[in-house]
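Take a look at the structure set out below.
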Amino acid sequence: MDPMATSARSISVIIPVFGEAAIIDETVRQVRASTAGRPVEIVVADGGPGHATLKALREPDVVGVRCPPGRGVQMNAGAAVAQGDVLLFLHADTRLPEGWPVAVDRALDTVCDLARDCVRAGAFSLAIDSPRISLGVVARFANLRSRFERVPYGDQAPFFDAGLFRELGGFAPIPIMEDVELFRRLKRRGEPVTILAERVLTSPRRWERDGVVRRTLGNWRLRLRYALGAAPEDLARFYRPEDGEA
């Protein structure tokens, strides 16, 4: 097999939502417009009150899943019905780069031999949709951290070989840090994790709502407390976003 060759896998994009009625159609359209003509399955897992996001959805051919709240629970519910060979998890306020399926194919098409393990999990680099220098710095440090640790956050659109994801049992049903917990499990297993150079573009709304310094320091505090053994349930009581984000 040519190590530079890539093969097209079927991809399911799973979008967990909580109160995203205002933007869900735009999110679905952007996913489809950025595939360079590649068909992908889109699954929207709604854990919000009354499943209002699904009720507002007008884009056709979207698989809707009604489920309890909690991002990990919602992503698992979406994955349970997804048909793709690859599962990509996307926040509703994050935009994928143009031609992203080819980048995913390339990342997961590593030749398996004794010298190099197969890559079966990864994520994109991060950009924040704002001209503010402070948020550019936030994104730069986030990318440096994720490349060093190989533990990306959920807003980097993590993706997995579907077989690996199900073998792992999916995301832990915890109220926060479900993305970190899963990638830590991957690291303990010795699974390589790739961080693509291509960048997703995420909304600055969380930093604008909370303040850049307050939000950034709050994220660092959460991660530090989690690394020191704090229970996710305790962390969630400290930090429970208004829009249902973990």
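Answer with yes or no whether residue 37 is in contact (Cβ under 8 Å) with a residue 24 or more places away in the chain and assigned to a loop (DSSP other than H, G, I, E, B).
Answer is no for this residue.
If I ask for residues that are open to solvent by 70 Å² or more (accessible area, probe 1.4 Å), over 20 Å from residue 84 (Cβ atoms) and either at pLDDT 95 or above or polar (S, T, N, Q) (or both), which ones from segment 1-45 would you list?
Those that are open to solvent by 70 Å² or more (accessible area, probe 1.4 Å), over 20 Å from residue 84 (Cβ atoms) and either at pLDDT 95 or above or polar (S, T, N, Q) (or both): 22, 26.
If I filter segment 207-228 for residues that are in contact (Cβ under 8 Å) with a residue 40 or more places away in the chain, in contact with an Asp or Glu (Cβ under 8 Å, 6 or more places away or on another chain), open to solvent by less than 50 Å² (accessible area, probe 1.4 Å) and more than 23 Å from residue 167 (Cβ to Cβ), do I get at least one hit?
no
So how many residues does segment 101-128 have that are at pLDDT 95 or above and of a type in the set (Asp, Glu)?
Qualifying residue count for the region: 0.
Can residue 237 be described as farther than 23 Å from residue 20 by Cα and open to solvent by 10 Å² or more (accessible area, probe 1.4 Å)?
Judged against the criteria, residue 237 is not a match.
Is at least one residue of segment 187-204 in contact with a strand residue (DSSP E or B) (Cβ under 8 Å, 6 or more places away or on another chain), open to solvent by less than 20 Å² (accessible area, probe 1.4 Å) and assigned to a loop (DSSP other than H, G, I, E, B)?
Yes; the residues of segment 187-204 include at least one that is in contact with a strand residue (DSSP E or B) (Cβ under 8 Å, 6 or more places away or on another chain), open to solvent by less than 20 Å² (accessible area, probe 1.4 Å) and assigned to a loop (DSSP other than H, G, I, E, B).
Is it the case that residue 134 is surrounded by 20 or more Cβ atoms within 10 Å (Cβ to Cβ) and in a helix (DSSP H, G or I)?
Details: surrounded by 20 or more Cβ atoms within 10 Å (Cβ to Cβ): no; in a helix (DSSP H, G or I): yes.
No; evaluated as a whole, the condition is false for this residue.
For the list (1) assigned to a loop (DSSP other than H, G, I, E, B); (2) over 14 Å from the mean Cα position of the chain (by Cα); (3) of a type in the set (A, V, I, L, M, F, W, C), I need the number of the one condition that residue 164 fails.
Of (1) assigned to a loop (DSSP other than H, G, I, E, B); (2) over 14 Å from the mean Cα position of the chain (by Cα); (3) of a type in the set (A, V, I, L, M, F, W, C), only one is false for residue 164: (1).
The values are calculated or read from the model by the stated rules, or taken from the named source; none is laboratory data. Please read all numbers here as calculations on a predicted model, not as lab measurements. Glycine also receives a Cβ, built like all others from the backbone with ideal geometry; neighbour counts cover every protein chain displayed. These accessible areas exclude ligands, DNA and RNA; they are computed on the full protein's heavy atoms, side chains included. Shrake-Rupley method; radii C 1.70, N 1.55, O 1.52, S 1.80 Å.
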